[in-house]
């Protein structure tokens, strides 16, 4: 009976884990692209700003960022605290947008200049060149590093417990504190394993789908 | 009237003068070869004609119309440049086909995008696209790739890729088709098929400018040859005269070195 109770409690926690994961991914993927374009901008102030942002975010622990987003506004402006889950999601989106932006930038800059020029001499506009010629090649290039980062995100969600957001690891830890049971913590690993396994299969499919051409 | 007139084109990259005053004109149906050693400015000249580089000085006229004037910013607006490029086609040394599209789609893509901008595209979409596809197939047939329409670039040999690139450039019906060392990235036994395709275009009176290191080919296919050195035209004339009795010391030593 205990096993089922634990499973259902862990599943609840895992629901929150998935929510943090899903919302972060949904917002950080497009935001990262915007940051990438800023980092490649010819307008110097924008580029410096963007590069500084990426430097700060990548150089400080995500755990610290979560704490700053949650407590920072209250300490600085006496703002009322936002819901804990919001702070987690905001910190995660900012953090992952920075990492994604570097992956995008690497992918975009790796496409040969000749592809742009071929589009230009064929009378295409800049946006036609980007969307019709460059983008799919970039997507193909960045699938492997993106998969890596996205799988890391699944496990990073466990940092949410630092401000007492009850994701799966925190739920499992409560069993240690309250009932001196450690196995729920080990058992929580299975949820991650299965979820990341599914993601791995999905990314494999995407890679195969894009295998019909070579960049 | 000359189809293309180039007046006093100059181009510098920082302190380096790559082109130092190029003048020439081209009649419809002429095939002009440009020869010269590396660094003489041949490729930069072609890139200027295709607006991939902006000349620092000079004018470009096509069919008598002023297309570019370095002194006049109103001839250099980004949106107009795009249309002006369509007077020229450019075949690159390393093809630059779009890897995610089949040979046929490579040839069709730019035409489709242009057609989408035309008024009335939505009404006749199917018919217009069918036309574009027909023409693209005919072009691939013309360069001998009838059986490779659905192949992706990585499935084609270098020579086949370059022939797709030629068909792609032809699809937009340029007034002048430019080649930037079209066979330099190819094995000698494969470059023949590309040269053959260019020969056929010459016989159909396509106006072309060919930057090349293939002297035999330049001699055979050209109506006129320009020899460039240090960013200027050193010598020009009919191929027999230029290759048969070179006047300048520079051309004589160049020909001795390459032939």
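The values are calculated or read from the model by the stated rules, or taken from the named source; none is laboratory data. As the structure is a computational prediction, the values presented were derived from the model and not from experiment. We place every Cβ from the backbone using ideal geometry, glycine too, and count neighbours over all the protein chains shown.
For the structure I just gave you, tell me whether residue A:95 is without any contact (Cβ under 8 Å) to a residue 12 or more places away in the chain, under 16 Å from the mean Cα position of the chain (by Cα), part of a helix (DSSP H, G or I) and more than 30 Å from residue B:86 (Cα to Cα). Write out each step before concluding.
Values: without any contact (Cβ under 8 Å) to a residue 12 or more places away in the chain: no; under 16 Å from the mean Cα position of the chain (by Cα): yes; part of a helix (DSSP H, G or I): yes; more than 30 Å from residue B:86 (Cα to Cα): yes.
Criteria not met by residue A:95.
Of the residues making up the range B:84-104, those that are within 14 Å of residue B:161 (Cβ to Cβ), more than 8 Å from every other protein chain (Cβ to nearest Cβ) and either part of a helix (DSSP H, G or I) or in contact with a strand residue (DSSP E or B) (Cβ under 6 Å, 6 or more places away or on another chain) (or both) are B:91, B:93, B:103, B:104. Within the range B:121-140, residues that are over 21 Å from residue B:204 (Cβ atoms) reach partners that are surrounded by 11 or more Cβ atoms within 10 Å (Cβ to Cβ) and at pLDDT below 95 with beta carbons closer than 6 Å, at six or more positions or on different chains, in the pairs B:121/B:115; B:128/B:115.
Quick check on the range B:171-186. Is at least one of its residues free of Cβ contacts under 8 Å to residues at least 60 places away in the same chain and either touching a strand residue (DSSP E or B) at 6+ places or on another chain (Cβ under 7 Å) or assigned to a helix (DSSP H, G or I) (or both)? Quick ask: steps written out before the conclusion?
Just the residues of the range B:171-186 that are free of Cβ contacts under 8 Å to residues at least 60 places away in the same chain, to begin with: B:173, B:183, B:186.
Filter again for either touching a strand residue (DSSP E or B) at 6+ places or on another chain (Cβ under 7 Å) or assigned to a helix (DSSP H, G or I) (or both), leaving none.
Scanning the range B:171-186 turns up no residue that is free of Cβ contacts under 8 Å to residues at least 60 places away in the same chain and either touching a strand residue (DSSP E or B) at 6+ places or on another chain (Cβ under 7 Å) or assigned to a helix (DSSP H, G or I) (or both).
The residues listed here are B:130, B:136, B:151; of these, the one that is more than 8 Å from chain A (Cβ to nearest Cβ), surrounded by fewer than 17 Cβ atoms within 10 Å (Cβ to Cβ), touching a helix residue (DSSP H, G or I) at 6+ places or on another chain (Cβ under 6 Å) and at pLDDT 90 or above is B:151. Within the range B:30-53, take every residue that is in a loop (DSSP other than H, G, I, E, B) and more than 14 Å from chain A (Cβ to nearest Cβ) and give me the one that is surrounded by the fewest Cβ atoms within 10 Å (Cβ to Cβ). Top of the filtered list is B:38.
Matching residues to (1) assigned to a helix (DSSP H, G or I); (2) exposed (fewer than 13 other Cβ atoms within 10 Å of the Cβ); (3) touching a residue at least 40 places away in the same chain (Cβ under 8 Å); (4) away from chain B (no Cβ under 14 Å):
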position	(1), (2), (3), (4)
A:123	no, no, no, no
A:135	yes, no, no, no
A:140	yes, no, yes, no
A:169	yes, no, yes, yes
A:173	yes, no, no, yes
A:192	yes, no, no, yes
A:199	yes, no, yes, yes
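The residue that is farthest from the other protein chains (Cβ to nearest Cβ), among those in the range B:105-118 that are over 18 Å from residue B:159 (Cα atoms) and crowded, with 22+ Cβ neighbours inside 10 Å, is B:108.
Out of all the residues in the range A:12-59, which are more than 16 Å from the chain's Cα centre (by Cα), under 23 Å from residue A:189 (Cβ atoms) and in contact (Cβ under 8 Å) with a residue 40 or more places away in the chain? Within the range A:12-59, A:12, A:13, A:14 meet the criteria.
What about residue B:125, is it within 14 Å of chain A (Cβ to nearest Cβ) and surrounded by fewer than 17 Cβ atoms within 10 Å (Cβ to Cβ)?
No.
Would the range A:152-160 turn up any residue that is within 14 Å of another protein chain (Cβ to nearest Cβ), assigned to a helix (DSSP H, G or I), surrounded by fewer than 22 Cβ atoms within 10 Å (Cβ to Cβ) and free of Cβ contacts under 8 Å to residues at least 12 places away in the same chain?
Restricting attention to the range A:152-160, the residues satisfying the condition of being within 14 Å of another protein chain (Cβ to nearest Cβ) are none.
The answer is no, given that none of the residues of the range A:152-160 is within 14 Å of another protein chain (Cβ to nearest Cβ), assigned to a helix (DSSP H, G or I), surrounded by fewer than 22 Cβ atoms within 10 Å (Cβ to Cβ) and free of Cβ contacts under 8 Å to residues at least 12 places away in the same chain.
On inspection, residue A:108 qualifies as surrounded by 13 or more Cβ atoms within 10 Å (Cβ to Cβ), within 30 Å of residue B:115 (Cα to Cα), at pLDDT below 95 and more than 14 Å from chain B (Cβ to nearest Cβ). Selection of first residues in the range B:37-55 that are closer than 17 Å to residue B:25 by Cβ and of second residues that are assigned to a helix (DSSP H, G or I), restricted to Cβ pairs under 9 Å at least 6 apart or on distinct chains, gives the following pairs, ordered by first then second residue: B:55/B:48.
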